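Rule-based calculations on the coordinates, nothing more; no lab input. Computed from a predicted structure; not experimentally measured. Cβ placement follows ideal geometry from the backbone for every residue including glycine, while neighbour counts extend to all protein chains displayed.
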Amino acid sequence: MVKTFTVLFFLVTCSVSAQPSNTKTEFFIINGKVKTPQTITLSDLKKFKVFNLGDITITNHLGEVKSIAKNLSGVLLKEILQSVPLDSDNPKQFSEYYFICRGSDGYKVVYSWNELFNTAIGNSAYIITEKNHQPIHELDESMLMISTQDVRTGRRYVKNLETIYVGRAD
């Protein structure tokens, strides 16, 4: 009996400690194939134009409504990314770049350079600065990212954005 309890305790402890955390973030780092990695803080977001996004319905991969994010405001992700030069000066190579946006819980979403800078999606991918008329730093989920024109909005709804890794396809 003691042996069974010990094994069970060990398994539960391991599974709990293996769960990714969703630690609140107050900055994110843009690194990878950039000339100089950059840290973007909550106060840095104030330097960019803020857009009123209204209410956004968050849906899962099946299109089922999971929640409604109310009274959102945010800055365009592409505006932030433009402030961090890529490691290439050749515009022909920009089509080879992609961005992996990762939350503190390990959740990742990917955008291509063309998607953000050459389609309407780039005008709908935001870092949220305010939710429900509260500044984002006052909420449990800071550094939110969303793509408002996605059909399944929850697929690219990142909570507690931690890093944006800039990669280049081989």
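Just a few scattered comments:
- The long axis of helix 2-18 is offset from the longest Cα principal axis of the chain by roughly 10 degrees.
- Kirkwood-type radius of region 52-143, with distances r between different C-alpha atoms, in Å: 15.0 Å
- With at most 11 other Cβ atoms within 10 Å, longest stretch of the chain clear of loop trypsin sites (Lys or Arg not before Pro) (DSSP): 50-170
- Of Lys49/Lys92; Lys46/Lys108; Lys66/Lys108; Lys47/Lys78; Lys49/Lys108; Lys46/Lys66, pairs whose Cα-Cα distance is over 22 Å: Lys49/Lys92; Lys46/Lys108; Lys49/Lys108; Lys46/Lys66
- Cα extents of the chain along the three principal axes, largest first (Å): 67, 40, 33
- Within the chain, the longest run free of exposed loop sites, counting GluC sites (Glu not before Pro) that sit outside DSSP helix and strand states (H, G, I, E, B) and have at most 14 other Cβ atoms within 10 Å, spans 65-170.
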